[in-house]
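Report on the structure given below.
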Amino acid sequence: MLENIQATVEAWPFLAQGLWVTIQLTVLGSALALVLAIILGLMAGAQHKALAVPGRIIIEFFRGTSLVVQLFFIFFVLPQFGVDLPGMVVGVLALGLNYGAYAAEVVRGSIASVPRGQWEATTALSMSPVHRMRRVIFPQAWALMIPSLASLMVHLLKGTAIVSVILLQDFTFHLDQLRRVTDTTWAYAVVGLVGYFVLALVLTLVMNALEARAKHRLGRGPSLREILSPTPTSKDNLSTAGSAI
Amino acid sequence: MQEQTEIWDWEMFFRALPPVLEGFLTVTLLVTVLGTVIAAALGLVWAMLIRLAPQPVSGIVKWFVAFIRMTPIVVQLLFAYYAFLMFDAMTIGIVVFGIHYSTYMSEVYRAGIDAVPKGQWEATTALSMSTRRTWAAVVIPQALRATVPALGNYAISMFKDTPFLLVIGVVEMVNAAQIFGGNNFRYVEAITLAGIIFLLASYPTSVLIRRMEKRLAYAN
């Protein structure tokens, strides 16, 4: 036990480097996924067939072929055609494309479930389609989609653990190095799983805060400052943040 | 060297077909089917324990389920592989996939059990049914029907996660494609083939599940 702790302390600089790679992949991958999800989700939900059909095809394509296939395609196949990307870019691209396609379904579904009356009201106020989406529909859809996006982000975080197969030295890669000098159980179950679990919890808390903020801006629920203040105004404030695990 | 510039080589494609298909049939499908069976059964066990077991047990199960669900299956596979050296990688893969996905499925069952109308519970009390009979004859049959599409969706996502098995050296479809590519210095055909098989197998299934979902929503 003591030897394990000592070995972990010695390996810490490497583990921290690995954690940093994992965090970068998660944050950049999620950012790319979100941008793609909004574009593809709006396309797939559009009235025009010329937008909706390509949107659907792209979503189904990236959802239907597995993450690892996409990762390998970008890593092994593209270089044969002269597209040689750095490992980090490969990882972010594959994660962003794959989870972006899943998230696009969430975006499309959330926009579709904004109440009919809201859409009709924007017509009555003769808002332009862009104005309508930006000021009325999307803010409401955003509050609806955050819990699902949060669970997809946790999925993406867990998906990053595969990137050592494209030679990236992420947290899982350094866990494997740690395993060589400590017990398997210690390296994977204690340091590894607990490390990822903490990352996932932090991610979930951040997304809960985002959801509370989005709801507050729609006039539903308390503001973030009220929730985070040491003397909460009412006890059920915290529960409005929802469960996103 | 001239071959390198070709975008697509049909001969290579047909040569890649046997090893990739073998990986698909003997590993990918097998792990998906057995993993789903384990996950569906264990998921129900977790859901029932969380609901029915006395406090310390149900709390522990709840945390265990959350912990497994929120940590990467890749690390779980590596852990189980090195911790249980007496089992072969394939068995480890099936069991780990089963346990990992059981934590998702327990959520599905929980939602299904919660969705059984209150009147049904009251009726079992009115008929003075035993707890066992209430669950076996009234609650579970109704809860299960509503959960079938969600379970199907998780089976599909398990199917698409099976390439993770390559971290413990199992030669499933994508690993087979990669090995073939490495041996021939050409990856396009083999990896594209693996992608096509995933798409061909998962898309129709997901359409089928969506149709089932609609029919269930209509029946309610």
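The values are calculated or read from the model by the stated rules, or taken from the named source; none is laboratory data. Given the structure is predicted, the values throughout are model-derived calculations rather than measurements. Virtual Cβ from ideal backbone geometry, glycine too; neighbours counted across all protein chains shown. All accessible areas refer to the heavy atoms of the entire protein, side chains included, with ligands and DNA or RNA removed. Shrake-Rupley method; radii C 1.70, N 1.55, O 1.52, S 1.80 Å.
Considering every residue in A:196-202, what mean count of other chain Cβ atoms within 10 Å of its Cβ is obtained? Write down the numbers at each step before the final one.
Values: counts 7, 7, 2, 2, 6, 2, 0.
What the average comes to for A:196-202 is 4.
Compute the helix-to-body angle for B:188-219: its Cα long axis versus the longest principal axis of chain B, expressed 0 to 90° and rounded to tens.
Taking the Cα atoms of chain B, the angle to B:188-219 is about 20 degrees.
Which whole-Hz ³J(HN,Hα) couplings does the stretch B:51-62 yield from phi under the Karplus relation 6.51 cos²θ - 1.76 cosθ + 1.60, θ = phi - 60°, glycine and proline marked x?
Using θ = phi - 60°, the values come out as 8, 9, 6, x, 3, x, 5, 5, x, 5, 4, 4 Hz.
Between chains B and A, what is the buried accessible area in Å², counting both sides, with a 1.4 Å probe and ligands, DNA and RNA left out, to the nearest 100? Please report the intermediate quantities before stating the final value.
On the way: alone 12940 and 13970 Å², together 23410 Å².
It comes to approximately 3500 Å² buried between B and A.
Scan chain A and note any complete DSSP helix (H) whose C-alpha atoms cover at least 15 Å along its axis and whose Kyte-Doolittle average is -0.5 or more. Don't skip to the end; give the middle numbers.
Numbers: long enough: A:2-44 (56 Å, 1.43); A:49-64 (21 Å, 0.74); A:87-112 (37 Å, 1.19); A:138-159 (29 Å, 1.05); A:194-217 (34 Å, 0.92).
Those that pass (Cα extent of 15 Å or more, hydropathy at least -0.5) are A:2-44, A:49-64, A:87-112, A:138-159, A:194-217.
Among the lysines, which have Cα under 29 Å from the Cα of B:LYS214 when same-chain residues fewer than 8 positions away are ignored?
The reachable lysines, counting only those whose Cα sits under 29 Å from B:LYS214, are A:LYS49, B:LYS118, B:LYS160.
Which one, B:LEU208, B:ALA143, B:ILE168, projects farthest toward the positive side of the charge dipole computed for the stretch B:107-220 from Cβ point charges (K/R +1, D/E -1)?
B:ALA143
At B:LYS62 and B:ALA217, where each label point lies 7 Å from the Cα along Cα→Cβ, what is the point-to-point distance in nanometres?
With each label placed 7 Å out from Cα toward Cβ, I get 3.1 nm.
In the stretch B:61-118, what chymotrypsin sites (Phe, Trp or Tyr not before Pro) fall in a loop by DSSP, with at most 14 other Cβ atoms inside 10 Å? Please list the in-between numbers first.
Details: sites: B:TRP63, B:PHE64, B:PHE67, B:PHE79, B:TYR81, B:TYR82, B:PHE84, B:PHE87, B:PHE97, B:TYR101, B:TYR104, B:TYR109; in loops: B:PHE84, B:PHE87.
Those that pass, being in a loop and sparsely packed, are B:PHE84, B:PHE87.
Tell me the mean residue ellipticity at 222 nm calculated for the protein assembly as shown from its helices only (DSSP H runs of n ≥ 4, each -39500 (n - 2.57), averaged over every residue, nearest 500). Provide the component values of the computation, followed by the final result.
Numbers: 20 runs with 333 residues, N = 465.
Calculated mean residue ellipticity at 222 nm is -24000 deg cm²/dmol.
How many percent of the accessible area of chain A is carbon or sulfur, using a 1.4 Å probe?
On the way: 8110 of 12200 Å².
Taking all protein chains in place, chain A shows 66 percent carbon and sulfur surface.
Need the list of lysines near B:LYS62 for cross-linking: C-alpha distance under 22 angstrom, and skip anything on the same chain fewer than eight residues off.
Partners within reach: A:LYS158.
Using θ = phi - 60° and the Karplus relation 6.51 cos²θ - 1.76 cosθ + 1.60, list the HN-Hα couplings for the stretch B:91-101 in order, rounded to whole Hz, with x at every Gly or Pro.
Per residue, the Karplus-derived 3J(HN,Hα) values read 4, 4, x, 4, 5, 5, 4, x, 5, 4, 6 Hz.
Within the stretch A:19-61, what residues put their amide N at less than 12 Å from the label point 7 Å along the Cα-to-Cβ vector of A:ARG180?
Label zone hits: none.
Given the C-alpha centroids of the stretch B:10-32 and the stretch A:56-93, what is the distance between them in whole angstrom?
Between the Cα centre of the stretch B:10-32 and that of the stretch A:56-93, the gap is 20 Å.
Quick check: Cα centre of the stretch A:160-205 to Cα centre of the stretch B:139-177, how many Å?
What the calculation gives is 23 Å, centre to centre.
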